[in-house]
Amino acid sequence: NTVYVLNGPNLNLLGMREPEIYGADTLDDIAAMLDDRARELGLEIEMRQSNHEGHLVDWLHEAQAEGAKAVLLNAAAYTHTSIALLDAIKAIRTPVIEVHLSDPSTREPFRHHSYVGLAAAKTVQGLGARSYLVALEAVAEL
Ligand code: DQA
């Protein structure tokens, strides 16, 4: 009953990075929130972050190999650029839920297109750190 939570580039700086857009919570704060909610839902969280696209591809493969229940993926800027991540999501049967703190559709035009969204089972965005919690609750309903 493990849910992989994969976080892409610059999300290691959450809390100090453009807090007016992304909020004051750090990735550790979000991990703690997710752990608490997961316990209530009978799930377990495997939290990862990388600034390297290929690591995210490897972890999507790993999620399937390990029989994860689902993946929450905040691919950050790779959302808007990465055909490799799109292909990896398509290559696995594990459901992937796209997550964003901000709402990219109301920001710069280059954030309006999401490769991840073309293959994700669902997208949760624009709720700040709560986007992760709502996505986790959606996993419990899968
Ligand atoms: C983000 C939105 C992306 O456009 C941006 O590149 C990020 C964070 C978010 O969570 O709001 O790094 O994925």
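The values are calculated or read from the model by the stated rules, or taken from the named source; none is laboratory data. Predicted, not measured: the structure shown is a model, and the values here were computed from it. A quick note on method: Cβ atoms are made from the backbone with ideal geometry, for glycine too, and the neighbour counts reach across all protein chains shown.
What pairs come out if I take residues in segment 91-119 that are closer than 18 Å to residue 61 by Cα and pair them with residues that are in a loop (DSSP other than H, G, I, E, B) and among the hydroxyl-bearing types (Ser, Thr, Tyr) whose C-beta lies under 8 Å away, six or more apart or interchain?
Final answer for the pair search is 98/114; 115/81; 115/82; 116/82.
Provide a single number: the residues in segment 110-142 that are surrounded by fewer than 16 Cβ atoms within 10 Å (Cβ to Cβ), in a helix (DSSP H, G or I) and among the charged types (D, E, K, R).
So the count comes out to 2.
Look at segment 53-67 and say how many of its residues are assigned to a loop (DSSP other than H, G, I, E, B) and either under 14 Å from the mean Cα position of the chain (by Cα) or more than 20 Å from residue 135 (Cα to Cα) (or both).
As a first pass, look at segment 53-67 and keep what is assigned to a loop (DSSP other than H, G, I, E, B): 66-67.
Subsequent filtering for residues that are either under 14 Å from the mean Cα position of the chain (by Cα) or more than 20 Å from residue 135 (Cα to Cα) (or both) retains 66.
Of the residues in segment 53-67, 1 are assigned to a loop (DSSP other than H, G, I, E, B) and either under 14 Å from the mean Cα position of the chain (by Cα) or more than 20 Å from residue 135 (Cα to Cα) (or both).
Restricting to segment 46-66, what's the tally of residues that are touching a Ser or Thr at 6+ places or on another chain (Cβ under 8 Å) and either within 16 Å of the ligand (Cβ to nearest atom) or free of Cβ contacts under 8 Å to residues at least 60 places away in the same chain (or both)? Walk me through it before giving the result.
We begin by selecting, within segment 46-66, every residue touching a Ser or Thr at 6+ places or on another chain (Cβ under 8 Å); these are 46, 53, 56, 59-60, 63-64, 66.
Now narrow it down to the ones that are either within 16 Å of the ligand (Cβ to nearest atom) or free of Cβ contacts under 8 Å to residues at least 60 places away in the same chain (or both): 46, 53, 56, 59-60, 63-64.
Total meeting the criteria: 7.
Cβ contacts < 6 Å: first residue closer than 13 Å to residue 5 by Cβ, restricted to segment 122-139; second residue assigned to a loop (DSSP other than H, G, I, E, B) and among the acidic types (Asp, Glu), any location; separation 6+ or different chain. Result?
Close Cβ pairs (under 6 Å, with a partner that is assigned to a loop (DSSP other than H, G, I, E, B) and among the acidic types (Asp, Glu)) amount to 129/25.
Could you tell me whether any residue of segment 102-120 is modelled with pLDDT of 95 or more and more than 13 Å from the ligand (Cβ to nearest atom)? Reasoning before the result, please.
So in segment 102-120, the residues modelled with pLDDT of 95 or more come out as 102-120.
Filter once more, so that each one left must be more than 13 Å from the ligand (Cβ to nearest atom): 118-119.
Yes, segment 102-120 contains at least one residue that is modelled with pLDDT of 95 or more and more than 13 Å from the ligand (Cβ to nearest atom).
In segment 111-142, which residues are out of contact with any Lys or Arg (no Cβ under 8 Å at 6 or more places or on another chain) and over 21 Å from residue 23 (Cα atoms)? Talk me through it step by step, then tell me what you get.
Looking only at segment 111-142, we keep the residues that are out of contact with any Lys or Arg (no Cβ under 8 Å at 6 or more places or on another chain), and these are 111-118, 120-132, 134, 140-141.
113, 114, 115, 116, 117, 118, 120, 121, 122, 140, 141 - these are the residues of segment 111-142 that are out of contact with any Lys or Arg (no Cβ under 8 Å at 6 or more places or on another chain) and over 21 Å from residue 23 (Cα atoms).
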